[in-house]
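The values are calculated or read from the model by the stated rules, or taken from the named source; none is laboratory data. Predicted model, so just to flag it, every value in this text is computed and none were measured. Ideal geometry is used to build each Cβ from the backbone, glycine not excepted, and the neighbour counts take in all protein chains shown.
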């Protein structure tokens, strides 16, 4: 346990150490124990101290050999350096937050500031501290209506940059385009916001407006634009026929999704299947695995890898009474993420499907959600996906066999007519041209 004592009385018996903040203790311990990214404890400690120093200008720290010194005006503390355990970091930061407070109190706003800095120190856009206020806002929106967005997709590692704009959204109608940069959301400068913080500011109740200041990718002056948040129904599978081919749109991997796809395939006689994973942000990995098994008889599927020395999971397809050998095309785009990327990656690597569209989001990771004592939430990236050959999905996402230009009309998942969707028609054309070729025949695909 770290011990901070006033410098003036270092020769006296040390006083009892003040209690460590429970939220700080949980955040540091969880990041250290669960995160795939191994972060040295001294980096966590410095990140927390620097977060305090940015707002409490009296605070300063220095390291001399094996001793860390903290000063704030006339007050000073010392501690062993570097910290040896996660609990030492939490105790150090708790005492530092008390040091800068005139009444020696541990204020919630300082704890939140430090927790945010600790999550950012991991250098992973999907590891995040969500404050009690952020959680309360999310709960309020769920009570009234699910959170709606203006149709803007962001780059996780560069959240102010627009990755994609959803066709038919108000943002698209107002001329916001991929590559544009968000400068402000409301009255808030987005430069220092994390990915999740910016998403929260963009989201709100269905039908509400948000004012943005946008810098065009094409050049020219920044402009202000007001966009409306709108919900896009994405709860249920969409099924239809395009000629003799079955179209199945899977907007999310919620419980029962794979079973619904299985039922749709078994309900008729088809010449092929178009599996639409566009706009699918993931969900239950178990559903993605079950969906893959509908099209693979046996062999490696892939797995989840954690940090060094931690448990791993490997998944293998099992024979049962249902293994569809129908030719398969999978549609993906920049909003296909997480479990949907895993599904597309496996079917592509196994040579079971022809994959068309645009590169996926590149979120090939698994997050743990840890409720915190202060009412906040910690999201920790605890694992990452690997495909059948053991290769990790990189930040560039799954790349299609064939790239498709953005659809000029509403897509099938956005309520458009399935047979008028340009990407569905491209999939149909591919099925007709390469019917039962090696890339779509399960027995011909590689089985690592």
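Candidates 89, 36, 111: the one that is surrounded by 15 or more Cβ atoms within 10 Å (Cβ to Cβ), within 30 Å of residue 384 (Cα to Cα) and touching a strand residue (DSSP E or B) at 6+ places or on another chain (Cβ under 9 Å) is 36. Residues in segment 373-392 that are more than 17 Å from residue 343 (Cβ to Cβ) and part of a strand (DSSP E or B): 377, 378, 379, 380, 381, 382. The strands (runs of 3 or more DSSP E) falling completely within segment 213-270 that include 1 or more residues that are within 30 Å of residue 187 (Cα to Cα) map to 223-228.
The condition of being modelled with pLDDT of 95 or more and at negative phi holds for only one of 37, 8, 86, that being 86.
For segment 338-372, a residue qualifies if it is without any contact (Cβ under 8 Å) to a residue 60 or more places away in the chain, surrounded by fewer than 21 Cβ atoms within 10 Å (Cβ to Cβ) and assigned to a strand (DSSP E or B), and the qualifying residues are 369, 371. For segment 42-125, no strands (runs of 3 or more DSSP E) sit wholly inside it while including 3 or more residues that are within 20 Å of residue 28 (Cα to Cα) and free of Cβ contacts under 8 Å to residues at least 24 places away in the same chain. Entry remark, segment 400-423: residues being part of a helix (DSSP H, G or I) and either in contact with a helix residue (DSSP H, G or I) (Cβ under 6 Å, 6 or more places away or on another chain) or over 25 Å from residue 173 (Cβ atoms) (or both) number 2 in total.
Of all residues in segment 394-404, those satisfying the criterion of being within 25 Å of the chain's Cα centre (by Cα) and under 15 Å from residue 333 (Cα atoms) are 395, 396, 397, 398, 399, 400, 401, 403, 404.
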